[in-house]
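This report concerns only the one structure given below.
Taken together, the values in this text are just the output of simple stated rules run on the coordinates, not laboratory data. Computed from a predicted structure; not experimentally measured. Cβ coordinates were reconstructed from backbone atoms using ideal geometry, including for glycine residues, and neighbour counts include every protein chain displayed.
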Amino acid sequence: MNEKTKSLPKFAGVYPILYMPFNEKFDIDYEDLRKLTEFVVASGADGLGIAMGSEIFKMSESERDLVLKTVVNQVNGRVNIVMHTGSQGTDLTVKYSLRAKELGADALMVTPPTVIPLPSAIIVKHYVEISEKVKMPIFIQDIWTSPIPPPVMIEIVRATEYAKYAKAETPPTTMRTTELKKLGGDEVIVFGGAWGTNFIAELNRGSVGTMPGCAVPEFYTKAWKYWEMGRAHDARIHMEKISPLLSLLTRSLDVSFHLDKEILKRRGVINSINVRMPTSKPDKITYWELDKLIESLDI
């Protein structure tokens with residue numbers, strides 16, 4: 001591990017992404033957001049995120065600010081907070097990032113611009129500018145909607161002081177993790193995502209944590225505790241309990257908005273399952289499948 005990577009915070013463990021509660025008028029329910037934040041912290045999570053799963057791309061700038069302020073105040077320094085600040089422009093991403101830093105985020109998560117296809121060198125330059133101007137830890141988000149090939153991610157890691165963390169969730173995530181560690185070694189700090197579907201397999205390949213959904217965070221935190229204790233087999237067996245549920249949730253990001261909120265409402269965490277438009281609600285069979293899985297997990 002080089003000296004610059006050593007000097008950065010050692011983020012690791014479980015960082016659930018908050019699924020944003022909206023009231024009947026589709027405004028953000030800030031009281032429910034506080035309850036949801038507390039629910040995640042109480043699960044034993046090491047951090048939490050405000051990102052794609054939070055429908056951040058459907059929020060105004062003022063909403064983004066108030067969401068982050070609310071979460072920062074509720075967390076009160078107990079866990080780390082990662083704020084998604086990616087956009088289609090470098091200047092705009094820097095603006096979002098500086099604001100997130102000002103409001104108390106501990107790290108940023110940045111997806112690359114995707115509307116206009118760009119050479120890899122320009123993508124690297126994009127992250128270099130954000131790193132130099134904002135000067136705080138950055139997770140490079142490699143997601144199937146805006147993928148970054150592992151060699152390019154390692155270029156970014158080596159060209160920047162702060163973009164040393166990689167969230168690898170372009171499938172197959174296990175192969176993504178393996179390639180990142182093979183190319184970057186200790187220079188790159190890898191987290192998994194994609195609802196934590198391959199959490200243990202990613203840990204086996206050099207990942208140090210995951211950023212899953214937030215409907216059942218206690219399953220991930222317990223598995224992580226097993227892993228830290230050297231009980232990898234118990235961690236894998238424990239995660240297998242929710243494998244059928246994760247299979248349902250991972251049918252699409254849009255499906256997960258609805259189903260994660262449905263679970264959270266049934267658990268008494270939030271009051272509404274509203275998802276902002278545009279969205280397509282899952283069919284009745286999907287909800288029937290969810291009923292059966294919730295019954296089997298007794299949550």
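Prolate is the label for the stretch 124-192, because a/c, from the alpha-carbon gyration tensor with a ≥ b ≥ c as root eigenvalues, is 1.5 or above and a/b exceeds b/c. Taking a straight Cα-Cα cut-off under 12 Å and skipping sequence neighbours fewer than 8 places away in the same chain, the aspartates and glutamates within cross-link reach of LYS281 are ASP254, GLU262. Over all orientations, the stretch 1-126 has a Cα convex hull whose mean projected area works out to 9.1 square nanometres. Taking semi-axes √(5λ) of the Cα gyration tensor in Å as calculated from this structure, the corresponding entry among [x] 27, 23, 22; [y] 28, 23, 18; [z] 39, 23, 16 is [y].
Computed over the stretch 154-226, the percent of Cα pairs more than 17 Å apart is 40. Pairs from the list LYS69/LYS265; LYS261/LYS292; LYS10/LYS261; LYS133/LYS181 with a Cα-Cα gap above 19 Å: LYS69/LYS265; LYS10/LYS261; LYS133/LYS181. Restricting attention to the stretch 11-297, close to 10% of DSSP beta bridges with both partner residues there are antiparallel.
Taking the convex hull of the alpha carbon positions in the stretch 178-299 and averaging its projected area over all directions gives 8.7 nm². Rounded, prolate or oblate: which fits the stretch 47-109 when a ≥ b ≥ c are the square roots of the eigenvalues of the alpha-carbon gyration tensor, with rounded for a/c under 1.5 and prolate only if a/b beats b/c? Judged from the Cα gyration tensor, the stretch 47-109 comes out prolate (a/c at least 1.5, a/b above b/c).
Working ranking of peptides 81-92, 118-129, 9-20 by packing, defined as the average number of other Cβ atoms within 10 Å per residue, highest first, is 9-20, 81-92, 118-129.
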